[in-house]
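Shown next, in C-alpha cells, is the structure this report addresses.
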Amino acid sequence: EKIAWQRFKFFMQKGSVPVKGRSYRGVKITTADLRAYRWALKSKAVISTKTFCSTSVDRHVAERFAGASHPHADKQSVLIIFNFSQICNTAIDLRRLSHDLPCLSEYENEAEILVLPLSIFQVKSTEENSGKIVIELENIPMQ
C-alpha cells in the first residue's frame, strides 16, 4: 500500500493523464442499490461516485470481479460500463503510459482506470439478461 501511495504521488507530480473511452467495473450490489440506479435512469437524475472506483479497460477483468459464477445470497453481480465520450479529468489512467512513467496499479495486467470521488454520471441503461445485470453510465465532464 505504501508503494502504491508513493507511485500515486509521483504520478500526480508528473501530471495525470485524463481518460477518454470506456471502462468497466464488476461489483456485487444490493437490490436497494440496483433500485437507485433504475430510479436515476427513470428520473434522468445524475449520480456521483462517493469513493475511488477501480475500473478496467478490459471487460473480462471486470466480469471476473463481478463474480457471476459465484452467487451471493443478498447481492447481485453487476457489470457497470463507464463511458467517457469526452476527456474526463476525474478519472486517471493507471496503466504504464510510457517508459518514463511506471504503471501505478499494483496489478498491471488489470489495465486499471481509477474513477475519482465526485465524478458525475448519467445512467443511460440498466439491462438484465439471463441473470446478468449491466448498468451503463455516461460521464458528465466537470467544467
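Please treat every number below as a calculation from the coordinates, not as lab data. The model shown is predicted, which means the values in this text are computed figures rather than measured ones. FYI the Cβ positions are ideal-geometry reconstructions off the backbone, even for glycines, and counts take in every protein chain you see.
Things worth noting here:
- Counting charges near TYR24 (Lys, Arg +1; Asp, Glu -1) among other residues having Cβ under 9 Å from its Cβ returns a value of +1.
- Long-range HN-HN contacts of ILE92 with modeled amide H, under 5 Å: LEU114, VAL115, LEU116
- Computed from backbone phi with θ = phi - 60° and the Karplus coefficients 6.51, -1.76 and 1.60, the 3J(HN,Hα) list for the stretch 123-138 is 6, 8, 6, 9, 10, 10, 10, 6, x, 9, 10, 10, 10, 10, 10, 10 Hz; x is used for glycine and proline.
- Working note: Karplus 6.51/-1.76/1.60 with θ = phi - 60° gives the stretch 50-66 the couplings 9, 9, 5, 10, 7, 10, 9, 6, 9, 4, 5, 4, 5, 4, 4, 5, 5 Hz, where Gly and Pro are set to x.
- ³J(HN,Hα), Karplus 6.51/-1.76/1.60, whole Hz, each residue of the stretch 77-84, x for Gly, Pro: 6, 9, 9, 9, 9, 9, 9, 10
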